[in-house]
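Visitor: Take a look at the following structure, please.
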Amino acid sequence: MQIAVKPGNPLAIKGVGDLTRVGVIGLCGRTVPCGVYAASVLALNKTNVPESQITRGTDAKATLASVAVGDANAAIVYVTDVRAAGKAVSGVAIPARQNVRAIYGVSVVRGSANRAAAQAFINYLLGQEGQATLKSFGFLAP
């Protein structure tokens, strides 16, 4: 997870604790994965942001957009989404000991009519070339 801020980080946000002083922050909905991960980051850092200072997006892209368009001063979203946003936002890293890892599994679906192709895709993802591609988009190795 990463803190998305306005380009140039005009509020000088350095970490999760700073989110209590910057006004409105963007978080994903409570029950969607990015919202659950963000809540875990806040809890891990013992950071309480009043609900009145939170705008909630339906997903990570909507939450990130709240920063890009000025509806929020910062947001907690996936590193990959901050990277994908390009110059629309800047990212503030959250140190590993203060962060959580978003983990998503991959598997061949039972009963798949395309088992061989699905397994080949998984092999690609877990192989050197696939891992390099995923890394270029901000994903960590399994």
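Readers should treat all values here as calculations from the given coordinates under stated rules, not as data from a laboratory. Every value quoted in this text rests on a predicted model; they were computed, and no experiment measured them. When we count neighbours, we look across all protein chains shown, and the Cβ atoms used for this are built from the backbone with ideal geometry, even at glycine.
Visitor: Somewhere in the stretch 76-91, is a residue part of a loop (DSSP other than H, G, I, E, B) and in contact with a Lys or Arg (Cβ under 7 Å, 6 or more places away or on another chain)?
Guide: Looking for residues that are part of a loop (DSSP other than H, G, I, E, B) and in contact with a Lys or Arg (Cβ under 7 Å, 6 or more places away or on another chain), one finds at least one in the stretch 76-91, hence yes.
Visitor: Here's something else I'd like to know. What about Ala39, is it surrounded by fewer than 11 Cβ atoms within 10 Å (Cβ to Cβ), of a type outside the set (S, T, N, Q) and closer than 20 Å to Ala4 by Cβ?
Guide: no
Visitor: Which count do you get for residues in the stretch 104-126 that are within 28 Å of the chain's Cα centre (by Cα), surrounded by 11 or more Cβ atoms within 10 Å (Cβ to Cβ) and not hydrophobic (A, V, I, L, M, F, W, C)?
Guide: 2
Quick grid of which residues meet (1) closer than 26 Å to Thr133 by Cβ; (2) touching a residue at least 24 places away in the same chain (Cβ under 8 Å):
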| position | (1), (2) |
| --- | --- |
| Ser52 | no, no |
| Lys61 | yes, no |
| Ser66 | no, yes |
| Val69 | no, no |
| Ile76 | yes, yes |
| Asp81 | yes, yes |
| Ser90 | yes, yes |
| Ala96 | yes, no |
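Visitor: Within the stretch 47-77, work out how many residues are touching a strand residue (DSSP E or B) at 6+ places or on another chain (Cβ under 7 Å) and within 16 Å of Val36 (Cβ to Cβ).
Guide: Of the residues in that region, 10 qualify.
Visitor: Name every residue in the stretch 1-28 that is in a loop (DSSP other than H, G, I, E, B) and within 13 Å of the chain's Cα centre (by Cα), in order of residue number.
Guide: Met1
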